[in-house]
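Structure, as structure tokens:
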Amino acid sequence: MARNRKGALKSLLLGILTAALITIAAMLLTSVALVYLRFSDRLLTLINQLVKLASIVLGVCVALPRGGERGLANGVAIALFYMASGYALYVLLGGGRFSASGMLGEMMLGAAAGAVCANLRPRARRAKAA
């Protein structure tokens, strides 16, 4: 039983770390692009949301096998932790005031994205050539 918990914890940490690294890389690329291109605030907000969604989906896909057990719960857990920590850092770094509705919206968006990859059907095995 302890072995299963350690494996689940490892996969959750792997998913969160993967999502965070993808976000950092994408934000670095976005900041470089922002220096050379003029983004409107609306476009920057859209890019930010797309980066978060892609990070969550890729983090969940790396951490959880397709069609595995408890995929929905683990995918949502990865997404909720990622979104909650990201929102907390945003508020702590002076990005704005805490808003319960804003936090809830971010977490709902993240939970939906986390459920996407976690519930994919397993890949069909190829038939062996005779």
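The modelled label-to-label distance for the pair Tyr36/Ala20, using points 7 Å beyond Cα in the direction of Cβ, is 3.0 nm. Per residue, the accessible area of the stretch 9-59 comes to 69 Å², computed with a 1.4 Å probe over protein heavy atoms only. Taking all Cα-Cα distances within the stretch 17-59, those exceeding 13 Å account for 52%.
Between Thr45 and Leu104, the simple label model (points 7 Å from Cα in the Cβ direction) yields a spacing of 1.9 nm.
The values are calculated or read from the model by the stated rules, or taken from the named source; none is laboratory data. What you see is a predicted model, and the numbers here were worked out from it, not measured in a lab. Positions of Cβ are generated from backbone atoms using ideal geometry, with glycine treated the same way; all protein chains shown enter the neighbour counts. The accessibility values were calculated without ligands, DNA or RNA, using every heavy atom of the protein model including side chains. Shrake-Rupley method; radii C 1.70, N 1.55, O 1.52, S 1.80 Å.
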